[in-house]
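The values are calculated or read from the model by the stated rules, or taken from the named source; none is laboratory data. Since this is a predicted model, take the numbers as computed values, not measurements. So basically every Cβ, Gly included, is an ideal-geometry build from the backbone, and we count neighbours across all protein chains shown.
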């Protein structure tokens, strides 16, 4: 094997043709890694999202008349501190027992009848979203601990080429919030504050700030890469 | 396994939940949230680097939405309000897969689009192109057991917008998909092959060059219907579960 034209993979192979970890077997003819298809690139929802994404029951993560239901509300602001009246907010969360309305929840189905766990709301009402739901319970963190009650949030809008993702936590869960691994990983209390909803008469409120607006004392919400 | 060494399969820790991890497209082939040429991103796209969120239960589950959200009439956008829409009738079809090549079955696909003249039925779209009394631009379908979807519509027109001087959006259809996990949520736009407006469109050009072809449908003569409709195929790929065999300390064999 002295040809100067061999590929680096072949030159790097062992004499006994066995595989060096991390390299394909010489001449095997088989794929040595999984086939991956490139994912479809995202695009903005644009200004006309209401045509395609409006559901009469969109804002309702729970069946109507569910006891103990609350409203999660807030406004979406841009970098000028102006409300964003053409955004869409989607929420996904566990039920009060910490279970998800999803077959992959390994602990069994949700216990609240009519609990969908998902809601979507436009912000046509002065930049305000409003979602009717039940406050979620704590959720296992997958490593033997617990996450504080939280809601995963996606924000879509004209001017966002991909959704942005954040979370809603609850101000009256101080103890659970202090032990939450996601909140704990944030750099400071100022960051954590952008994720914590405050109590209102009929639920909780948390505004979403897409960017800082120093003039109006607004700090950019913590967004997550999922 | 065809490996030259043998190894017992790893046992998951009993105390821990075993969760899939969804792969993330490399930055160089993923649409950024902001793009300088698309002016509206300047005040809306967050400026700080997003914080990595490990995939836990909330992220690997997601809304299960399907048949209950659609009717048969939702798959034909050309028949609305008691009549037929104006324009070139087309069939749009394809498969919804994840990046591991697995079909995404029984999944909701929501679409919306402009009419043949490039006008949306929406209060804020008031450029001087006609509305079509028999076109509302809304479609919903559910993928079958093999992840296939299909709907009938009219080819949307291009339309002007205020992003820059004489700016026109290439013809496109908006798509919204959930997959089966929060991580897989996708809202995107399907384009038509060879559109001469691609070059000046910042929303198209925000897609990294290596991935742009994934946003463009393919004309399919085989699926056209004689005396009835043209056909365009578009496969949609959602994120799959991460399978990086080389991150383990074994000999690299793939089962």
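Some notes on this structure:
- Among the residues listed as B:42, B:73, the single one being more than 7 Å from every other protein chain (Cβ to nearest Cβ), more than 25 Å from residue B:182 (Cα to Cα) and within 23 Å of the chain's Cα centre (by Cα): B:73
- Restricting the stretch B:45-58 to residues that are within 7 Å of another protein chain (Cβ to nearest Cβ) and out of contact with any strand residue (DSSP E or B) (no Cβ under 7 Å at 6 or more places or on another chain), the residue that is nearest to residue A:142 (Cα to Cα) is B:48.
- The set of residues in the stretch B:37-93 being without any contact (Cβ under 8 Å) to a residue 24 or more places away in the chain and part of a helix (DSSP H, G or I) consists of B:41, B:68, B:72, B:73.
- Note on the stretch A:157-185: among residues that are assigned to a strand (DSSP E or B) and within 14 Å of chain B (Cβ to nearest Cβ), the one that is farthest from the chain's Cα centre (by Cα) is A:157.
- Looking only at the stretch A:43-60, and only at residues there that are more than 10 Å from every other protein chain (Cβ to nearest Cβ) and surrounded by fewer than 19 Cβ atoms within 10 Å (Cβ to Cβ), the one that is modelled with the highest pLDDT: A:58
- Residue within the stretch B:104-113 that is farther than 29 Å from residue B:180 by Cβ and away from chain A (no Cβ under 12 Å) present: no
- Residue B:118 touching a strand residue (DSSP E or B) at 6+ places or on another chain (Cβ under 9 Å), more than 30 Å from residue B:161 (Cα to Cα) and part of a loop (DSSP other than H, G, I, E, B): no
- Test: residue in the stretch B:131-138 that is under 18 Å from the mean Cα position of the chain (by Cα), touching a residue at least 60 places away in the same chain (Cβ under 8 Å) and within 11 Å of chain A (Cβ to nearest Cβ): yes
- Residue match in the stretch A:80-100 (condition: modelled with pLDDT under 95 and within 30 Å of residue B:25 (Cβ to Cβ)): yes
- Residue within the stretch A:65-75 that is surrounded by fewer than 22 Cβ atoms within 10 Å (Cβ to Cβ) and within 13 Å of chain B (Cβ to nearest Cβ) present: no
To keep it simple, each residue is scored yes or no on (1) within 20 Å of residue A:68 (Cα to Cα); (2) at pLDDT 95 or above; (3) surrounded by 18 or more Cβ atoms within 10 Å (Cβ to Cβ).
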position: A:183; (1), (2), (3): no, yes, yes
position: A:186; (1), (2), (3): no, yes, no
position: A:189; (1), (2), (3): no, yes, no
position: A:199; (1), (2), (3): yes, yes, no
position: A:204; (1), (2), (3): yes, yes, yes
position: A:208; (1), (2), (3): no, yes, yes
position: A:211; (1), (2), (3): no, yes, yes
position: A:218; (1), (2), (3): no, yes, yes
position: A:221; (1), (2), (3): no, yes, yes
